[in-house]
Amino acid sequence: MSTLYRDYRPQNFAEILGQNHIKITLQNEISQNKLAQAFLFCGPRAVGKTTLARVLAKTVNCLNRPDGAFEPCNTCANCLSTVAGKNMDVVEIDAASNTGVDNVRDNVISFSRLMPANSKFKVFIIDEVHMLSLSAFNALLKIIEEPPTHIMFILCTTEIQKVPLTIISRCERFDFKRISVADVVKKLSLIASAEKVIVAPEVLEAIARRSGGHLRDAES
């Protein structure tokens with residue numbers, strides 16, 4: 001089903017509002033080819049963790065990205081398949097629905113043994129990673145400790161306190177913040193313009209304030 005949140009999901013770093021401290025760091029790592037192999041994105045819900053994870057996964061595997069650049073082209077086969085959710089080298093796992101160790105073994109460890117089909121990295125995005133069981137975390141830890149060079153992990157969580165320190169210590173951690181009212185209004189204005197809907201600025205600001213910094217709520 002089409003929704004404003006999905007239809008206007010950012011497709012590159014420039015379109016992501018807020019989180020500049022995170023974007024700049026990741027852009028520098030990408031342009032200098034000095035990427036970590038495990039990232040931990042933590043913070044409130046609906047502030048762009050999964051969106052940024054997808055942009056990062058798309059960027060590192062973009063076929064047309066020149067050396068030193070940090071934005072995906074959004075036109076190559078890898079970019080298009082990632083946006084469509086059909087890239088075999090980008091594996092998204094919802095830990096809230098797959099908490100057990102068998103899921104980690106079947107969907108992470110088994111797939112990590114395979115080389116990427118058409119990409120530089122096989123990227124695993126694990127959403128709500130704090131929901132994994134202790135045995136699942138232990139299985140995940142074994143591969144995060146010494147990952148193959150072609151593997152990248154992006155772990156997302158709204159409850160960092162539930163993630164074991166052994167996992168946290170092996171990831172590059174980024175703490176996301178709530179989106180400012182000004183940035184939310186900016187995004188809502190862009191959507192209203194694209195949808196050819198006239199909304200008074202004071203209404204957009206009221207929506208932005210009511211959302212509490214959660215962009216998806218404001219868009220909904």
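Worth pointing out:
- Members of the range 111-140 that are open to solvent by 20 Å² or more (accessible area, probe 1.4 Å) and in a helix (DSSP H, G or I): PHE111, MET131, LEU134, SER135, ASN138
- In the range 154-167, the residue that is most open to solvent (accessible area, probe 1.4 Å) out of those that are part of a helix (DSSP H, G or I) and closer than 17 Å to PRO44 by Cα is GLN161.
- Restricting attention to the range 168-180, the residues that are assigned to a helix (DSSP H, G or I) and surrounded by 18 or more Cβ atoms within 10 Å (Cβ to Cβ) total 0.
- Cβ separations smaller than 6 Å between residues 6+ apart or across chains give the following pairs from the range 133-149 residues that are over 18 Å from GLU172 (Cα atoms) to residues that are buried (at least 18 other Cβ atoms within 10 Å of the Cβ) and of a type in the set (A, V, I, L, M): ALA136/VAL104; ALA139/VAL104.
- Of the numbered criteria (1) more than 23 Å from ARG65 (Cα to Cα); (2) in contact with a Lys or Arg (Cβ under 6 Å, 6 or more places away or on another chain), the one LEU17 fails is (1).
- In the range 40-53, the residues that are in contact with a strand residue (DSSP E or B) (Cβ under 7 Å, 6 or more places away or on another chain) and on the phi < 0 side of the Ramachandran plot: LEU40, PHE41, CYS42, LYS49, THR50, LEU52, ALA53
- All conditions but one from (1) hydroxyl-bearing (Ser, Thr, Tyr); (2) open to solvent by less than 20 Å² (accessible area, probe 1.4 Å); (3) closer than 16 Å to ILE93 by Cβ apply to SER211; the one that does not is (3).
- Any chance ASN118 is more than 20 Å from LEU52 (Cα to Cα), touching a residue at least 40 places away in the same chain (Cβ under 8 Å) and of a type outside the set (D, E, K, R): yes
The values are calculated or read from the model by the stated rules, or taken from the named source; none is laboratory data. Note that the structure is a prediction, hence the values are computed from the model and not measured. Ideal geometry is used to build each Cβ from the backbone, glycine not excepted, and the neighbour counts take in all protein chains shown. These accessible areas exclude ligands, DNA and RNA; they are computed on the full protein's heavy atoms, side chains included. Shrake-Rupley method; radii C 1.70, N 1.55, O 1.52, S 1.80 Å.
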